[in-house]
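Just dropping this structure here.
The values are calculated or read from the model by the stated rules, or taken from the named source; none is laboratory data. This is a predicted model, so every value here is computed, not measured. Here Cβ is always computed from backbone atoms with ideal geometry, including for glycine, and neighbour counts include all displayed protein chains.
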Amino acid sequence: MRNVLLASVVALAVLVSVGGREAKAADADWVAIQTPSQSELSGISCPDARTCYIVSGLYLSGGSGSLVKTTDGGDTFTLLSSPTLNPLHAISCPTVKTCYAAGDFGTFLKTTDGGVNWIETFLGNKGSPPQFADVLAIDEQKVLVVGRDGVFFRSEDGGATWGRPTIKTVADLTSVYFIDGSAGLLAGNGGVLLKTKDSGAIWEPLGALRSTAQLWSIKGNGTGTLYAVGDKVHKSTDGGETWTTLPTDLAKSFVDIATQGGSTAYVIANTNSILKTTDSGATWSADASLGNTFLRGIACPSTSHCLVLGSSGKVFRLGTPPAAVVTPPPAPPVVVVAPEPVPVPIVTPPMPVVTPPAFVATEPKTTSATASAQGSVSLNRTLKKGSRGEDVKKLQGLLAAVGLFSSSDIADTYGPMTVKAVGTFQEKYEIAVPSDAGYGQAGPKTRAKLIEAAQLEGRVEMTPENTPKTVKTTASVLTRQLKKGSTGIDVKRLQELLATDKDVYPEGEATGYFGSLTAKAVGRFQEKYDIAYPGDDGYGELGPKTRAKLKELSE
């Protein structure tokens, strides 16, 4: 849950009337638990019933950032090592091992080992860094981050690269929620509400809540019911297309909401109270008033317990978490003891004297595929569908040598089977993909790699005509814009240049295909030389500035 400005504006007025008041009898059901953090807890994500991650920091107001984790439903908490003290406002964990967190100054964190180690990334412009309010991981790869002034980042590769979806608003964005893997909602100030049906690539505005002054949080119960809270509590049963305002006369403002089962939900009201419904919002009752504590986030990881986040590192728990699932040890293996064998006397007959024949030296057997690939292999033109000649047979022989073509089908015509075999080879060695112009054609890179692969199989020897000429690794061939999906000799030269710096391109693969590894390497190069950063236009792509720097370093 995002830390909202509401927590520092409305809260004062509320505390004047309730401050210092002792908890009601019902409050005793919410048990206070002190975490190792002393900060203002702000966001929670629970990937399973007993595991929850919590972050701290006040949205738009500051406060020290920290990371806390429980693996027993809140009985105990561990303070995790964080690479930053910047305020963190939201966290989203698609699995118990993988989590994403976001906060002030463009701060974005990721862990893939359950919080032991976190990778820190800064998104946006360092001169005017964004203030993030919410983060949501649809899965381990698709991640969305939103915040103040309409800032919005989206990644499809676990945060390695980022895009900026086009949305027609500059309002402060406060909450993002996905109904399933494709459909999601985005909410913000002034009743801003947008919907996507393609995992966040394209967003369309919805006008159903336009008259609402503020939306702080959107949550669902997993069975089709959605709740949106802010200055009121709203409910939708048609994926957010239409909304009904629910009767909530017990409070004037609402910060966050969590569902527990089909019809039960808890909502944080007036910053320090909790209201409850058991009939999908038709009626609400006061469930707790927690004195001077500011409440900023709530989650119900199971049908038996809920957690709400408070001030100074306090968590309040309702109910009891489910017991840990204990996996019984495997049954010991059954040992079958065989009876002792009865010795049987062995009688060895005399061996006949055999005169060996004279040794005759023979040549090793050569298959037709090997024969087609050996000796006079000379491929010096581009072969494609419809090509004919001895060099086509030589190409097919090489493909047969590496197991991609049947030696019985070798002929002098480049037909569909040859196209398919060459395409499979190109994909295997990342030379081309089906959408590329040269896919299925035996161009210079494909021929050279095929001869090399056949040589490694021990099926063919290189000839002077087949030996690729050594081309000096230079940036002079880099003359065009290169990005994901690009192919060519210039992509290979780019990869060779990047590979000279192991911190930038530790993999060092020079395939001629611009894939994810190359994009990451270009991004690291751009960051190292202050050219671009994650979220910037052109990050991870070879543009004019990046080319110029590469040329400068290679001269």
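Which of the residues belonging to the stretch 486-497 are among the hydrophobic types (A, V, I, L, M, F, W, C), touching a Ser or Thr at 6+ places or on another chain (Cβ under 8 Å) and in contact (Cβ under 8 Å) with a residue 40 or more places away in the chain?
494, 497
Among the residues of the stretch 357-409, how many are out of contact with any Gly (no Cβ under 6 Å at 6 or more places or on another chain) and either at pLDDT 50 or above or closer than 17 Å to residue 452 by Cα (or both)?
So the answer is 37.
Which of the residues that make up the stretch 115-141 are surrounded by 18 or more Cβ atoms within 10 Å (Cβ to Cβ) and of a type in the set (Gly, Ala, Ser)?
115, 124, 133, 137
Still on this structure: Test residue 461 against the stated conditions and say whether it is in a loop (DSSP other than H, G, I, E, B), modelled with pLDDT of 85 or more and surrounded by fewer than 20 Cβ atoms within 10 Å (Cβ to Cβ).
no
Take the residues of the stretch 182-217 that are closer than 18 Å to residue 90 by Cβ and under 22 Å from the mean Cα position of the chain (by Cα): which is surrounded by the most Cβ atoms within 10 Å (Cβ to Cβ)?
Selected residue: 186.
Which count do you get for residues in the stretch 293-317 that are out of contact with any Gly (no Cβ under 9 Å at 6 or more places or on another chain), surrounded by fewer than 21 Cβ atoms within 10 Å (Cβ to Cβ) and at pLDDT 90 or above?
Residues meeting the conditions: 1.
Can you tell me which of 226, 246 is in contact (Cβ under 8 Å) with a residue 40 or more places away in the chain and in contact with a strand residue (DSSP E or B) (Cβ under 7 Å, 6 or more places away or on another chain)?
Matching residue, one of 226, 246: 226.
Working carefully through the options 289, 236, find the one that is surrounded by 19 or more Cβ atoms within 10 Å (Cβ to Cβ) and closer than 30 Å to residue 163 by Cβ.
So the residue among 289, 236 that is surrounded by 19 or more Cβ atoms within 10 Å (Cβ to Cβ) and closer than 30 Å to residue 163 by Cβ is 236.
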